[in-house]
Amino acid sequence: MSYLSVEKLTKSFDGTPVLKELELEVKEGELFALLGPSGCGKTTTMRCVAGFEEPTAGTIRIGGKVVNGIPAHQRNCGMVFQSYALFPHMTVFDNVAYSLQVRQFYRQGLGKKWGVLARLLHPRLGKVSAEVERKVRDSLDLVELTHLADRLPGQLSGGQQQRVALARAVIMEPKLLLMDEPLSNLDKRLRHSMRRMIRDIQRKLGITTLFVTHDQEEAMSMADRIAILYEGRLMQVDVPTALYSRPANPFVADFVGSSNLLTGEVISREEHGSWIALGSGIRLFTSHPAERDIVDVLIRPESMLLRFPEEAEPGGNRLEGKVERGTYLGAKVRYDIRVGEQLFFVDYPYTRGEALLSDGDSVVLQVEPDRVVVL
Ligand code: ATP
C-alpha cells in the first residue's frame with residue numbers, strides 16, 4: 001500500500017516548469033530514493049512533499065490524505081538536510097529535545113506564553129520532563145551518541161552532527177522521513193558507515209523514507225526502490241537490480257553504472273532473438289525482444305569476457321579487438337578494447353596478482369545473447 005503518493009506533480013518557477021507531471025508511489029515502510037543529476041528537480045519534489053513549496057498542479061497524498069495547502073508542521077514529516085541545521089548554541093541533548101518540548105508546551109496551551117518563549121530560546125532553562133528525557137536518551141542511543149549529549153554541535157564531527165540531526169528527526173516519531181542529500185558533506189569512509197546506520201534505523205523503526213541523492217552508488221546500496229529523474233520528468237522506477245540490468249532508456253543505463261551504449265539496426269529476427277548490426281562490421285545476437293528496427297543496445301563492462309584468441313570458445317557473440325589501454329582499479333582492471341571504430345569498456349576481475357594485458361595485445365570479446373540488452 002502507498003503511504004506517499006504524488007500524482008501529476010508540476011512545479012514552475014517564474015513560468016518555467018522544473019517538475020513535469022511527476023508520478024510517484026512510495027510504499028509504507030520503504031526507503032525510496034529520488035536519484036538524478038544536479039538540477040533535475042529532486043529537492044523541489046521533496047520540498048513540495050514537505051510543504052515548503054506549493055505545487056503548481058498535481059496532488060500529494062500522505063497516508064491517504066491530500067496535503068496540498070496543509071502547512072509543513074501539520075504534515076508529520078521528519079526532515080534531515082545536507083547542512084545538518086542544528087542550533088549551534090544548544091547542546092546535543094537540547095537540539096534533540098527541542099521540537100518535542102515545543103510540542104509539549106503548545107499542548108499545554110498558551111497560558112504559559114512567557115515560559116514558552118523563554119524555553120524556545122533555551123529549552124533547558126526549565127525542567128525537562130522525565131518523558132522527554134527518556135525519549136532523548138532513546139534517540140541518542142539509536143544513533144550511538146549518548147556519550148556526547150552535553151557537547152555543542154561545533155565540538156562534533158560532520159558525521160556526528162548528522163547523527164544528531166537524525167535523532168532530532170526520529171524523536172518526533174514522524175510517519176514520513178524526508179532526507180535531502182544527508183551524506184553529501186561527509187567524506188567517503190564516513191558516508192559508507194552512515195549509509196548503514198541510516199538503513200538500520202529506518203528498518204528498525206519502519207519509517208517510510210524519501211531519500212534524495214545524486215549519488216547512484218548511495219541510492220543502489222540503500223534504497224528498496226529508486227526513481228530516476230531527468231529534467232523534471234520521471235525516467236524509471238524500480239528496484240536497484242532491475243534498474244541496473246533492465247534500464248528503460250539510454251539515460252538510465254548511463255546514469256546507473258557504467259555502460260557500453262551503442263545504436264544498431266536489427267537485420268534479422270529469429271525465434272530466440274535478433275541479429276543487430278552495430279557498425280564497424282560488428283554483429284551481435286541478442287535474446288532480448290527488439291521491436292523497433294533502430295535500437296539502443298547496452299552491454300555492461302562486466303558482461304563481456306576477455307580471452308586471448310587461442311583461448312576463446314568458438315561460436316556465440318565473438319568480437320576480435322586490440323587492447324588500447326588498461327586501468328588498474330584494485331579489484332578489477334578496466335580495459336579499453338578497440339573493435340574497428342568502436343571502443344568497448346570491459347571490466348576484468350583482478351584477483352590473483354596476474355600480469356595486466358599490454359597495449360596492442362590481440363584479444364577476443366565474448367558476450368552471451370542475454371547480456372546484449374536492447375533498450
Ligand atoms: P541539486 O542536486 O543540484 O540540488 P536538484 O535535482 O535537487 O539539484 P532542484 O534544487 O529541485 O534540483 O532544482 C530544479 C530546478 O529548479 C533548477 O533548475 C533550479 O535552479 C530551479 N529552482 C529551484 N528552486 C527555485 C526557486 N525557488 N526559484 C527559481 N528556480 C528554482
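The values are calculated or read from the model by the stated rules, or taken from the named source; none is laboratory data. In this text the structure is predicted, and so the values were computed from the model without any measurement. Neighbour counts run over all protein chains shown; Cβ positions are idealised from the backbone, glycine included.
Of all residues in the range 55-82, those being under 23 Å from residue 169 (Cβ atoms), within 16 Å of the ligand (Cβ to nearest atom), surrounded by fewer than 19 Cβ atoms within 10 Å (Cβ to Cβ) and modelled with pLDDT of 95 or more number 0. Can you pull out the residues in the range 151-177 that are free of Cβ contacts under 8 Å to residues at least 40 places away in the same chain, surrounded by fewer than 21 Cβ atoms within 10 Å (Cβ to Cβ) and closer than 16 Å to residue 136 by Cα? If the condition is that a residue be free of Cβ contacts under 8 Å to residues at least 40 places away in the same chain, surrounded by fewer than 21 Cβ atoms within 10 Å (Cβ to Cβ) and closer than 16 Å to residue 136 by Cα, then 160, 173 are the ones that fit. You will find that of 227, 223, the residue that is within 26 Å of residue 64 (Cβ to Cβ) and touching a Gly at 6+ places or on another chain (Cβ under 9 Å) is 227 and no other. Within the range 24-47, the set of residues being closer than 17 Å to residue 175 by Cβ and within 15 Å of the ligand (Cβ to nearest atom) comprises 24, 46. Listed by position, the strands (runs of 3 or more DSSP E) enclosed by the range 276-337 that each have at least 2 residues that are of a type outside the set (A, V, I, L, M, F, W, C) are 283-286, 317-328. Here's a check for you: in the range 84-99, which residue that is modelled with pLDDT under 90 and surrounded by fewer than 19 Cβ atoms within 10 Å (Cβ to Cβ) is farthest from residue 139 (Cα to Cα)? So, considering only residues that are modelled with pLDDT under 90 and surrounded by fewer than 19 Cβ atoms within 10 Å (Cβ to Cβ), the one farthest from residue 139 (Cα to Cα) is 85. Residue check: residue 257 meets all listed conditions (1) touching a residue at least 24 places away in the same chain (Cβ under 8 Å); (2) touching a strand residue (DSSP E or B) at 6+ places or on another chain (Cβ under 9 Å) but one, namely (2). Could you please tell me which pairs satisfy a Cβ distance under 7 Å, a separation of 6+ or placement on different chains, a first residue in the range 44-65 that is among the aromatic types (Phe, Trp, Tyr), and a second residue that is more than 13 Å from the ligand (Cβ to nearest atom)? Close Cβ pairs satisfying both conditions: 52/72.
Within the range 310-324, residues that are outside the structural domain of residue 370 (by TED's automatic domain parsing) reach no partner that is assigned to a loop (DSSP other than H, G, I, E, B) with beta carbons closer than 6 Å at six or more positions or on different chains. I need the full set of residues from the range 201-224 which are away from the ligand (no atom under 16 Å from the Cβ), crowded, with 19+ Cβ neighbours inside 10 Å and over 8 Å from the mean Cα position of the chain (by Cα), in order please. Within the range 201-224, 201, 202, 207, 208, 209 meet the criteria.
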